[in-house]
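Only one structure is covered here, and it is reproduced in the block below.
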Amino acid sequence: MAEGDLSPTPWAIETHGLAKSFGNIPALAGIDLKVKRGDHLTVFGPNGAGKTTLIKLLSTLSKPSGGSVLLDGLDIRKTPEQSRSKLGVVSHSTFLYPHLTVSENLRFYGKMYGLANLERRIEEVISQVQLKARLHDRVGTLSRGMQQRVAIARAVLHDPPVMLLDEPETGLDPHATVMMRAVLEHFTSGERTVVMTTHNLARGLELADQVLILHEGVVVYQEVKQEIDAAAFPEIYDRCTGMRR
Amino acid sequence: MRELFTRVFAIFWKDLLSELRTKEVATSVLVFALLVVVIFNFAFESGEDTIGLVAPGILWVAFTFAGVLGLNHTFATEKENSSLEGLMLCPVERYVIYLGKLAGSFTFMLVVAAIITPIFLVLFNLPLCLPRLALIIVLATVGFTSVGTLFSALSAHTKAREIMLPILFLPVVVPVLIAAVKATGVVLDGGAWSDMSTWLQILVAFDIIFLVVSVLVFEFVIEE
């Protein structure tokens, strides 16, 4: 940014030397990232590579052992509440209360986010995830796929500019996966910045503007999509992660 | 301030709705407290001279262990559903979560006390109308649940949380329990306000200390 330039940074997310250790075991070591506003970053990596740890650090759920995360240019450790209001997180856990109905769950989260016109917003998002007919059913009675769609509705209720998706398709059957992809595409298109972790190379690459491969807590590959040959990507992934197919 | 209240109430209401639908905790806590009172009633016949000495202890043993049983679930249910992460993603300061959970634990304990106390008084042949006992219960419940909610969050991160909570929590809450037992003894003996004023002051002091400290340290307890 030029001196005296007060325009916001073009980066929705920046990390500088981001590190996380659990005791003596490093989970992430010095991650440097820059994600432009409106871009979609897909993070690949085998189990234990540090993908979920990265999402937890970006979402303020975990505190870094070193380095920093900037959201819209602001350090999330200094402005945690403000940062969280800009984030929508979808994980393989739904963060929903099974004994409450869909509308009660959404109303609860809406109040926690201090949303105005909450009832209208709930109707809007629940229609978008195609679950209006189940609005008054308890979450525990819904299928896993439906619960995940409610989780998406929960995550976008406050219309966050940044979405963090941690393997959102885990545990879904093929039909539920197709349904959820359509819903996710609706919510992640346009101006929204997205960071998604996935094991699905084809799907992750298809959605990405930028790709990153993590292995043992280290970035071993980082490239913009235009520079990647989709056909050769599985081989690149295997090489980077030391896997053999 | 209104936003804070709305959010605290949202957490309280969410927990209350869940509990009303499952009755998981309420049933077990009430049955446990009732069992304690009934068993002690068999051990000490009503009308005996010793009743005045042991009755306050019996009441607070029932409340304490029933309370621990209830507090064990305060954060455990959030952990089981992974909804604690959802709660922690909300753009609120961590103490808001604490206050919401505290409101739930406090109300729950008071409901248990409101059901168990009259049964206890009847079983031990004691007068039913004791407004000063109600005051002691309210004051002690503030201290008990304010520190209990904190330790419930702490123990939720441990594997053996049902054992860890009483081990960690009971030694800390001892001053509140002693003051509550002593003040209850004065009330059941028909003593004057002045006889119990020191214990009430201790209760109020510990309520304030526990509440303030818990609000301040909750963030460090709940974070990974």
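Listing for the model above:
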{"item": "Residue in the stretch B:71-89 that is closer than 30 Å to B:L53 by Cβ and either β-branched (V, I, T) or in a helix (DSSP H, G or I) (or both) present", "result": "yes"}
{"item": "Residues located in the stretch A:14-47, provided they are within 19 Å of A:P168 (Cβ to Cβ) and touching a residue at least 12 places away in the same chain (Cβ under 8 Å)", "result": "A:V35, A:D39, A:H40, A:L41, A:T42, A:V43, A:F44, A:G45, A:P46"}
{"item": "Residues (buried (at least 19 other Cβ atoms within 10 Å of the Cβ) and not in a strand (DSSP E or B)) located in the stretch A:184-203", "result": "A:L184, A:F187, A:T188, A:R192, A:T198"}
{"item": "Any pair with Cβ under 7 angstrom, 6 or more apart, that starts in the stretch B:76-93 at a residue that is within 7 Å of chain A (Cβ to nearest Cβ) and ends at one that is polar (S, T, N, Q) and open to solvent by less than 40 Å² (accessible area, probe 1.4 Å)", "result": "B:S82/A:S93; B:E85/A:S93; B:L89/A:S59"}
{"item": "The listed residue being at pLDDT below 90 and either surrounded by 14 or more Cβ atoms within 10 Å (Cβ to Cβ) or not in a helix (DSSP H, G or I) (or both), out of B:T184, B:T158, B:T149, B:T141", "result": "B:T158"}
{"item": "Condition broken by A:L115, with the remaining ones in (1) crowded, with 16+ Cβ neighbours inside 10 Å; (2) modelled with pLDDT under 95; (3) part of a helix (DSSP H, G or I) satisfied", "result": "(3)"}
{"item": "Some residue of the stretch B:113-121 being of a type in the set (V, I, T), within 25 Å of B:F44 (Cα to Cα), open to solvent by 50 Å² or more (accessible area, probe 1.4 Å) and out of contact with any Asp or Glu (no Cβ under 9 Å at 6 or more places or on another chain)", "result": "yes"}
{"item": "Residue pairs meeting the criteria (Cβ under 6 Å; at least 6 apart or on separate chains; first closer than 15 Å to A:I55 by Cβ and among the aliphatic types (A, V, I, L, M), in the stretch A:78-95; second open to solvent by less than 20 Å² (accessible area, probe 1.4 Å) and modelled with pLDDT under 90)", "result": "A:V90/A:P168"}
{"item": "Scan of the stretch B:15-54 for residues that are closer than 30 Å to A:F108 by Cα, free of Cβ contacts under 8 Å to residues at least 24 places away in the same chain and of a type outside the set (V, I, T), ordered by number", "result": "B:L17, B:L20, B:R21, B:K23"}
{"item": "Any chance B:L69 is within 26 Å of B:E223 (Cα to Cα) and at pLDDT 95 or above", "result": "no"}
{"item": "Residue match in the stretch B:38-56 (condition: more than 23 Å from the chain's Cα centre (by Cα) and aromatic (F, W, Y))", "result": "yes"}
{"item": "Criterion (within 14 Å of another protein chain (Cβ to nearest Cβ) and part of a helix (DSSP H, G or I)) met by exactly one of B:V37, B:V25, B:V31, B:V54", "result": "B:V25"}
{"item": "Residues located in the stretch B:1-49, provided they are of a type in the set (D, E) and surrounded by 15 or more Cβ atoms within 10 Å (Cβ to Cβ)", "result": "B:D15, B:E19"}
{"item": "Selected residue (criterion: nearest to B:I136 (Cα to Cα)) from residues of the stretch B:201-212 that are crowded, with 19+ Cβ neighbours inside 10 Å and not charged (D, E, K, R)", "result": "B:L203"}
{"item": "Flag if A:Q210 is modelled with pLDDT of 90 or more, open to solvent by 70 Å² or more (accessible area, probe 1.4 Å) and within 20 Å of A:V35 (Cβ to Cβ)", "result": "no"}
{"item": "Near pairs, Cβ below 6 angstrom, 6+ apart or cross-chain, from the stretch A:55-70 (away from chain B (no Cβ under 11 Å)) to any residue that is of a type in the set (S, T, N, Q) and surrounded by 21 or more Cβ atoms within 10 Å (Cβ to Cβ)", "result": "A:V69/A:T15"}
{"item": "Verdict on A:V162 being in contact (Cβ under 8 Å) with a residue 40 or more places away in the chain and touching a strand residue (DSSP E or B) at 6+ places or on another chain (Cβ under 8 Å)", "result": "yes"}
{"item": "Selection status of A:V156, within 8 Å of chain B (Cβ to nearest Cβ) and in contact (Cβ under 8 Å) with a residue 60 or more places away in the chain", "result": "no"}
{"item": "Members of the stretch A:71-111 found to be within 26 Å of B:A10 (Cα to Cα), more than 8 Å from chain B (Cβ to nearest Cβ) and among the aliphatic types (A, V, I, L, M), listed by number", "result": "A:I76, A:V90, A:V102, A:L106"}
{"item": "Residues located in the stretch A:141-179, provided they are assigned to a strand (DSSP E or B) and in contact with a Phe, Trp or Tyr (Cβ under 9 Å, 6 or more places away or on another chain)", "result": "A:M163"}
{"item": "The stretch B:99-128: number of residues that are in a helix (DSSP H, G or I), away from chain A (no Cβ under 14 Å) and not hydrophobic (A, V, I, L, M, F, W, C)", "result": "4"}
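The values are calculated or read from the model by the stated rules, or taken from the named source; none is laboratory data. No experiment lies behind these values; they were computed from the predicted model shown. Virtual Cβ from ideal backbone geometry, glycine too; neighbours counted across all protein chains shown. Only protein heavy atoms, including side chains, enter the accessible area calculation; ligands, DNA and RNA are left aside. Shrake-Rupley method; radii C 1.70, N 1.55, O 1.52, S 1.80 Å.
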